Amino acid sequence: MSRSRLVFPGRLLGAAAVLISGLAYAGEFKAPGPAADFPSMDSYYPPAAARAGQQGTATMHVCVDAHGQLTEPPTLAESSGNDVLDAGALNLANAGNGHYRPATQNGSPVPGCGGFRIAFKLRGSAALPVKDPRFPTIGARIEKLNAEFKRRFEARLTPGDPDYAGAMMGDVSRGVPAAMREYSRNYSNFISEIVGMEADFLNDIDYLQESPDIPEVERKVFQSVWPENRQAIVVNFREMVASLRDLVRISDEMGDFMAFSAPRRSDPGESGKARGVGDSQTPPPEDPQITALRQRAKAAMERMQNAMQSR
């Protein structure tokens, strides 16, 4: 099971991807392991552990029949060192019943036991459960909602493109005070719009729990999973918005500095009179305040990009 990413992507929560690798036995016997349709590892990364930045690898021991069905409850062969992550790994191993690749002997499926690792590694993604086999109807609708959200977001992105801020911060000569203030105004409006878009998007997903045409079995499972997943998405989104607002503040400060503090360039004619023929034409060093603003802008951009990539 895989998860869809939101168009933007935070580093903080985003909730994480879990990487699974099988442990194969030597010889002609190959141990069982997760199949291609195994449940989404993202769904089972405990949100509390993700928010706390906790990572770890647990090794599970499973026994399955020739059809990939568990023949006994999975057990923890090696702890991750974290009880919460171990519980998440056990939940995932149990949820994978029927989605295991059976053991093989000389290439033929046979009952067998084996181990595989579940590595909970944070990469800052707060993903959407769109391919969870436990609620396929809801997952398909979330995927459509996400596609529409992405379309609306990208349609609005251009006037407040974050790359514009990065360009101005990287080369002060390209950002005159008026342009900086205009950017701040446009981007403030952009932030307000995407906050509203995100709220509408989450409300639409919330409504799926009440939609009368959703199978009751799917509804109950989704209701047990969605609240924590939703909270992870919200925390991630707040991280991104905070970074965007930092960029607006920095843009305002840069505009003010350039308008009132930055020295004006001398007239070329006067400059020629003041310098001797052999004088250096090296430009003066950048003002420390501009350097500090650029560094803050770069940090804010990195935080925002991490948030965008995590969803």
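The values are calculated or read from the model by the stated rules, or taken from the named source; none is laboratory data. Please read all numbers here as calculations on a predicted model, not as lab measurements. No Cβ is skipped: glycine too gets one built from the backbone with ideal geometry, and neighbour counts run over all protein chains shown.
Note on segment 108-132: residues that are in a loop (DSSP other than H, G, I, E, B) and modelled with pLDDT under 80 total 10. Taken together, the residues in segment 23-35 that are hydrophobic (A, V, I, L, M, F, W, C), modelled with pLDDT of 75 or more and under 22 Å from L90 (Cβ atoms) amount to 2.
From the list A52, A87, A77, which residue is over 20 Å from A232 (Cβ atoms), surrounded by fewer than 17 Cβ atoms within 10 Å (Cβ to Cβ) and hydrophobic (A, V, I, L, M, F, W, C)? Of the residues listed, the single one that is over 20 Å from A232 (Cβ atoms), surrounded by fewer than 17 Cβ atoms within 10 Å (Cβ to Cβ) and hydrophobic (A, V, I, L, M, F, W, C) is A77. On inspection, F149 qualifies as buried (at least 20 other Cβ atoms within 10 Å of the Cβ), modelled with pLDDT of 75 or more, part of a helix (DSSP H, G or I) and among the aromatic types (F, W, Y). Among the candidates N97, N91, the residue that is in contact with a Leu (Cβ under 6 Å, 6 or more places away or on another chain) and outside any strand (DSSP E or B) is uniquely N97. Of the residues D200, D246, D206, the single one that is out of contact with any Ser or Thr (no Cβ under 9 Å at 6 or more places or on another chain), modelled with pLDDT of 80 or more and surrounded by 15 or more Cβ atoms within 10 Å (Cβ to Cβ) is D246. Only one entry in T104, T137 is surrounded by fewer than 23 Cβ atoms within 10 Å (Cβ to Cβ), of a type in the set (S, T, Y) and not in a strand (DSSP E or B), namely T137.
Each residue in segment 152-166 was checked for being modelled with pLDDT of 70 or more and buried (at least 19 other Cβ atoms within 10 Å of the Cβ), and 0 pass.
Considering only residues that are acidic (D, E) and assigned to a helix (DSSP H, G or I), which ones fall in segment 193-250? Hits for segment 193-250 are E193, E198, D200, D204, D206, E216, E218, E228, E239, D246.
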